[in-house]
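Engineer: Below you'll find the structure I mean.
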Amino acid sequence: MAATETIRTRLVMTGAFVGALALLALSMLFSWPVRVPGAASSTADEAAAAFDAPTGTCLDWPAENPRALRRLDCAQPHIFELTDSVEISADYPSSAPPPDEKQWQQIANDKCTPVVTQYLGGKLDPFGRYSVSALKPTDDQWRAGDRKLRCGVHRVTPSGARVATIGSAVGQDQSNVFDPGTCFALTETKGVGDPIGCDKAHAVEVVGNVDLSQAFPADFPQVDIQNTKLAELCAVAGNQYSGGVDLAAKKLSLDWDTLDAQSWTAGSRKVSCKVGALLADGSGLAPVTGSIKATEPAGDQPPATQPPPAGDAPPPSSPPGG
């Protein structure tokens with residue numbers, strides 16, 4: 001949630017999620033089987049077509065069967081958007097063995113980050129809504145001479161789980177905000193996890209989003225200046241959201257995200273305001289159950305926004321399942 005959160009790199013090989021490594025950009029690599037000659041599977045045909053789809057194509061696949069890759073209109077919820085393909089044969093000739101996990105992660109960061117940045121109009125918020133991602137050839141494809149990396153973007157939760165998005169990433173506000181009414185799980189380390197229902201024990205609840213461009217229309221405001229203004233703006237947002245709930249009486253605290261200079265340069269201006277319960281010893285957050293959103297008179301206000309889908313995120317040890 002914080003702007004200074006470590007950027008993670010995740011690698012997916014043949015549909016199995018494996019551990020994260022901290023590198024330059026958040027990349028997720030996938031290895032997808034192409035159509036087997038003679039196979040009579042429409043799913044396999046579609047997966048093959050999707051794997052080699054043109055720039056700007058949006059893709060999706062069911063959590064229970066990630067090999068059922070399919071193309072979608074970007075106006076529909078999807079979890080991957082192809083930005084361009086990169087040929088890496090100059091660096092990896094026919095005699096080169098398939099890269100290992102760490103090498104693939106580095107290749108994706110080095111080769112796809114510039115491609116994604118260009119696709120997004122020359123600006124990529126390294127702490128923003130979108131992260132660098134890639135589809136890579138299988139080992140068999142590699143040995144057959146395929147050296148094409150299919151670069152793309154996706155959105156992930158704090159743990160790296162996929163979040164469905166709507167609309168092309170091109171021209172979108174890259175601010176990494178979630179809708180008011182979104183609650184985030186409490187992790188074992190007493191920190192902020194992935195979106196979860198507010199009726200379950202959670203760490204924080206988003207109570208509003210603030211656009212800092214209205215307060216700072218010109219140069220980047222330093223974090224201490226942001227904090228001063230956000231204390232005022234988020235108090236207003238939280239009061240409107242909760243209907244004037246006394247946070248102190250509920251042992252809750254108001255908090256907010258801030259923007260990094262890199263995010264500001266990329267055009268991000270929005271941050272989330274949120275509430276949570278700090279542990280007395282300062283070691284982290286305490287669990288909170290239930291939303292603080294005000295009870296709304298019928299027809300007075302729109303319903304609370306539901307948390308966005310978190311996707312699946314099997315633990316690193318999970319087998320690919322075939």
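Computed from the coordinates by the stated procedures, all read-outs in this text should not be read as laboratory data. The shown structure was predicted, so the numbers you read here are calculated from the model rather than taken from an experiment. Methodologically, a virtual Cβ is constructed for each residue, glycine included, from the backbone with ideal geometry; neighbour enumeration extends over all protein chains shown.
Engineer: Considering only Cα-Cα distances, which of the following residue pairs are longer than 22 Å: 250/293; 111/270; 251/274; 102/123? Display every interim value, and only then the final one.
Structural biologist: Working: 250/293 13 Å; 111/270 29 Å; 251/274 14 Å; 102/123 26 Å.
Check vs 22 Å cut-off fails for 111/270; 102/123.
Engineer: Then there is this: In Å³ and rounded to a whole number, note down the convex hull volume per residue for the Cα atoms of segment 204-262.
Structural biologist: Normalising the Cα hull of segment 204-262 by residue number yields 87 Å³.
Engineer: Give the shape of segment 106-206 as rounded, prolate or oblate, defined through the alpha-carbon gyration tensor: a ≥ b ≥ c are the square roots of its eigenvalues, a/c under 1.5 means rounded, and otherwise the shape is prolate if a/b is larger than b/c and oblate if not.
Structural biologist: prolate
Engineer: Along the positive direction of the dipole of segment 203-296 (beta-carbon charges: Lys, Arg +1; Asp, Glu -1; about the Cα centre), which of 204, 243, 276 reaches farthest?
Structural biologist: Final value for the positive-end residue is 243.
Engineer: Give me the dipole magnitude in Debye, nearest 20, for segment 57-117 about the Cα centre, with unit charges on the beta carbon: positive for Lys and Arg, negative for Asp and Glu.
Structural biologist: Charge dipole, segment 57-117, about its Cα centre: 120 debye, nearest 20.
Engineer: Right, something else. Give me, ordered by chain and number, the residues 5 or more places off residue 167 or on other chains with an amide H under 5 Å from its own placed amide H.
Structural biologist: 75, 76
Engineer: What is the magnitude of the charge dipole of segment 154-229 about its Cα centre, with +1 placed on the Cβ of each Lys and Arg, -1 on the Cβ of each Asp and Glu, and no other charges, expressed in debye to the nearest 20?
Structural biologist: Roughly 180 debye for segment 154-229.
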